[in-house]
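Report on the following structure.
The values are calculated or read from the model by the stated rules, or taken from the named source; none is laboratory data. Quick caveat, the model's predicted, so the values are computed rather than measured. Cβ: placed from backbone, ideal geometry, glycine included. Neighbour counts: every protein chain shown. These area figures cover heavy atoms from the full protein model, side chains too; ligands, DNA and RNA do not enter into them. Shrake-Rupley method; radii C 1.70, N 1.55, O 1.52, S 1.80 Å.
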Amino acid sequence: MTRFPPPPDGTHPPLGFAGYRSTTLRAPSQPPVVLAHRLTEVTGPLLGADRVGPTDHDLTSQHAGEPIGQRIVVSGRVLDSDGRPVPDTLVEIWQANAAGRYAHARDNWPAPLDPNFTGGGRVMTDSSGTYSFTTIRPGAYPWDNHHNAWRPAHIHFSLFGTSFTQRLVTQMYFPDDPLFGQDPIFNSVPDAAARQRMVSRFDLAATRAEWALAFTWDIVLRGREQTPFEEPHDD
């Protein structure tokens, strides 16, 4: 197994974080038991380009009508610890709509659903490790973690290698969000510099004239500049 430089302490959030209430129910109370990977875990399912549909990269064109909200392009590169591109990686996103509501049966806060936006997409990185999505800027939404709690606008990202054992999950935020200070998920990453690696940057050069604003966000899998993930991966 290839050894990569470990990320500095504070890159990844702890599995249990006092400010994030639901982790008290979800976080393990005992040390993990490492099980050997068998053929099923290593070889399946197939996660290649055949899993990507023609409109999966453009969340604004997946329905007959136009979704409501500000169109944005979110793009970047998936990189290893040495800054080299990681091609042929399946990148998936899911997000709330412009009103901050997910197209999910359990999301019932009184914000409008958008019949032309379901909030899910996927692409494969190309030979330069690049991914790109066209979507709608998500809205903030309330949740029950603490009094008057609101989640900053964010997009969930999932990355797959060649099997389910090679999955990483993280979130991308937008610059200068006023809700950062009171969001325990964002602040569960101990190191302040690591938290900023989850924040995208506005990219005027990538903006599509008269169509969509653009944000750039690179995902670094290993090393000192590693993007924070929901669980640590150091080797």
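Take region 93-115 and flag every residue that is of a type in the set (A, V, I, L, M) and not in a loop (DSSP other than H, G, I, E, B). Listed by number, the list holds a single entry, Ile93.
Condition first: over 20 Å from Pro87 (Cβ atoms), among the β-branched types (Val, Ile, Thr) and not in a loop (DSSP other than H, G, I, E, B). Can you find one or more residues in region 116-131 that meet it?
No, region 116-131 contains no residue that is over 20 Å from Pro87 (Cβ atoms), among the β-branched types (Val, Ile, Thr) and not in a loop (DSSP other than H, G, I, E, B).
Say we look at region 165-196 and pick out the residues that are without any contact (Cβ under 8 Å) to a residue 60 or more places away in the chain and charged (D, E, K, R); which of these is nearest to Glu92 (Cα to Cα)? Out of the qualifying residues, it is Arg167. From the list Asp183, Asp176, the one residue that fits, being open to solvent by 30 Å² or more (accessible area, probe 1.4 Å) and among the charged types (D, E, K, R), is Asp176. For region 33-88, filtered to residues that are in a loop (DSSP other than H, G, I, E, B) and of a type in the set (D, E, K, R), the residue that is modelled with the lowest pLDDT is Arg38.
Taking into account only those residues within region 65-78 that are of a type in the set (A, V, I, L, M) and open to solvent by less than 30 Å² (accessible area, probe 1.4 Å), which is farthest from Trp217 (Cα to Cα)?
Among those residues, the one meeting the criterion is Ile72.
Determine whether Asp176 is touching a Pro at 6+ places or on another chain (Cβ under 9 Å) and among the charged types (D, E, K, R). In short, no. Specify the residue that is surrounded by the fewest Cβ atoms within 10 Å (Cβ to Cβ); the eligible residues are those in region 79-101 that are in contact (Cβ under 8 Å) with a residue 60 or more places away in the chain and of a type in the set (D, E, K, R). It comes out as Asp82.
Can you find a residue in region 167-180 that is closer than 23 Å to Ser61 by Cβ and of a type outside the set (Val, Ile, Thr)?
yes
Phe202 passes every criterion in (1) in contact with a Pro (Cβ under 8 Å, 6 or more places away or on another chain); (2) aromatic (Phe, Trp, Tyr); (3) open to solvent by less than 40 Å² (accessible area, probe 1.4 Å) apart from (3).
Residues in region 147-158: is at least one within 14 Å of Trp217 (Cα to Cα) and touching a Ser or Thr at 6+ places or on another chain (Cβ under 7 Å)? Yes, the conditions are met somewhere in region 147-158.
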